[in-house]
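The values are calculated or read from the model by the stated rules, or taken from the named source; none is laboratory data. Nothing here was measured: the structure is a model prediction, and the numbers come from that model. Heads up, the Cβs are rebuilt from the backbone with ideal geometry, glycines too, and the neighbour counts pull from every protein chain shown. Surface areas here come from the heavy atoms of the whole protein model, side chains and all, with no ligands, DNA or RNA. Shrake-Rupley method; radii C 1.70, N 1.55, O 1.52, S 1.80 Å.
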Amino acid sequence: MHIDRRRFIVLSSGALAVSPLARVLAQQQTPAGPPQTPPPVTPVFADVRRNVGIFTARGGTIGYLINKDGVVVVDTQYADTAKLCVDGLKQKASRGPLGIDIVFNTHHHGDHTGGNGVFKADTKKIVAHAKVPELQKMAAASAPATAAPPVFPDATFDKTWTEKAGDETITASYNGPGHTGGDAIIHFERAHVVHMGDLLFHERHPRVDRAAGASIRNWVAILEKTAKDFPADTIFIAGHSRDGVPPAVDRKAVLHFRDYLSAALAFTQKEIARGQAKDAIAAAAALPGFENYQGGGVLTLKGVLENAYDELTAKTP
Ligand SMILES: [Zn+2]
């Protein structure tokens, strides 16, 4: 078969300009069409501190704890990468059945819960905030017919859920709407590690899921509280970070992201006050002081500013 090499090169270089995450998120937005092959990924396991580690491949960062008496997992990415994660964790645990005591979902988005079905076979229970099941159902209703049905948590909580795993205590807590209406943060108390889910984006424009109950104003308050509540040496795990930048960061990064969201609200408010229309405000090329934030796919400054506009002009916030 003849292959038009010139055309192939053009297509390839075009594809390279878009990050794998952006491509996946763009695919999630496509309402119809044949299922697409996910882009290849490099699964990476990295130690964080005191038996806590992270797994990155495609989708939101997975956190895990393995000690001699227990295994805990935070978020599950997608079915294909979840399999890579489970296989790797089995090797690390170097014991028969993995026996995961608990899987926490930080929130309902498909790149954090899409692997629930894969983890389920090795897991005693999947736990998430009380809003997560209804938000999963809502997201599934607008997903392509070819999408796998959601796998729901086995149990939910309103405010907090605490679990013991060997010599570690893990507490999930809900602090009101942020990135969605059902985000939890997961604290490994003795390790001083906090998995933030998508309440923390590092050097990358976030998604603000207003249809699922997001609130930028309360998100700022959550980040403020988070920076105050945990010990100064705490390591925070971001759901997503700039390509090539590790998602395990310090308190300064949490405050930097708080400042980003505050700046997005302040910028939008100022533009509304001087009579600018939503489209004109959202067309801003950069947010002053945060030019280093990476965009792509559905993660754009435009999306953030549109949501800021809607939130600031809503009759009932
Ligand atoms: Zn998310």
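Once the chain from THR171 to ALA232 is taken as fully extended at 0.36 nm per residue, the excess over their C-alpha distance is 20.2 nm. Among residues other than PHE201 with Cβ under 12 Å from its Cβ, the summed charge is +2 (Lys and Arg +1, Asp and Glu -1).
Sparsely packed loop sites in the stretch 80-182 (the trypsin sites (Lys or Arg not before Pro) outside DSSP H, G, I, E and B with at most 16 other Cβ atoms within 10 Å) comprise ARG95, LYS124, LYS125, LYS159. Evaluating 6.51 cos²θ - 1.76 cosθ + 1.60 at θ = phi - 60° for every residue in the stretch 232-237, the Karplus couplings come out as 4, 8, 4, 9, 9, 9 Hz, glycine and proline recorded as x. Applying the Kirkwood pairwise sum to the alpha-carbon positions of the chain produces a hydrodynamic radius of 20.2 angstrom.
Please give the calculated 222 nm ellipticity per residue for the chain, where each DSSP H segment of at least 4 residues contributes -39500 (n - 2.57) and the sum is spread over every residue; nearest 500 deg cm²/dmol? Don't skip to the answer; put the middle values down first.
On the way: 10 runs with 111 residues, N = 317.
It lands at -10500 deg cm²/dmol.
Rounded to the nearest Hz, the phi-derived 3J(HN,Hα) couplings of the stretch 273-283 under the Karplus curve 6.51 cos²θ - 1.76 cosθ + 1.60 (θ = phi - 60°) are 4, 9, x, 6, 7, 3, 4, 5, 5, 6, 7, where x marks glycine and proline.
For GluC sites (Glu not before Pro), the sites in the stretch 256-309 that DSSP calls loop and that have at most 13 other Cβ atoms within 10 Å are GLU291.
Relative to the Cα centre, the charge distribution of the chain, modelled as +1 at Lys and Arg Cβ and -1 at Asp and Glu Cβ, gives a dipole magnitude of about 340 debye.
Taken about its Cα centre, the stretch 51-136 carries a charge dipole of roughly 220 debye when the Cβ of each Lys and Arg holds +1 and the Cβ of each Asp and Glu holds -1. Label point of VAL245 set 7 angstrom out along Cα-Cβ; within the stretch 176-214, amide nitrogens under 18 Å from it belong to 196-208. Taking amide H as placed 1.01 Å from N in the peptide plane, TYR78 has its amide H under 5 Å from the amide H of GLY115, each at least 5 places away in sequence or on another chain.
Per residue, the chain exposes an accessible area of 46 Å² to a 1.4 Å probe, with every protein chain left in place. Listed cross-link partners LYS68/LYS252; LYS120/LYS159; LYS131/LYS159; LYS90/LYS137; LYS225/LYS278; LYS92/LYS159 are compared with a 21 Å cut-off, the Cα-Cα value being larger for LYS68/LYS252; LYS120/LYS159; LYS90/LYS137; LYS225/LYS278; LYS92/LYS159.
Could you tell me what percent of the accessible area of the chain is made up of carbon and sulfur, with a 1.4 Å probe and every protein chain present?
Working: 8160 of 14530 Å².
Answer for the chain is 56 percent, counting heavy atoms of protein chains only.
Short-range pairs are left out: with C-alpha atoms under 8 Å and at least six residues apart, the relative contact order of the stretch 61-218 is 20 percent.
How about the stretch 133-181: which GluC sites (Glu not before Pro) there are in a DSSP loop, with at most 13 other Cβ atoms within 10 Å of their Cβ?
On the way: sites: GLU134, GLU163, GLU168; in loops: none.
Listed in order of number, the matching sites amount to none.
For the stretch 171-243, the convex hull drawn through the C-alpha positions has a volume of 82 cubic angstrom per residue.
3J(HN,Hα) along the stretch 289-299, derived from phi through the Karplus expression 6.51 cos²θ - 1.76 cosθ + 1.60 where θ = phi - 60°, amounts to x, 10, 5, 7, 6, 8, x, x, x, 8, 9 Hz, with x in place of Gly and Pro. Given a 1.4 Å probe and the protein chains as shown, ARG207 ends up with an accessible area of around 70 Å².
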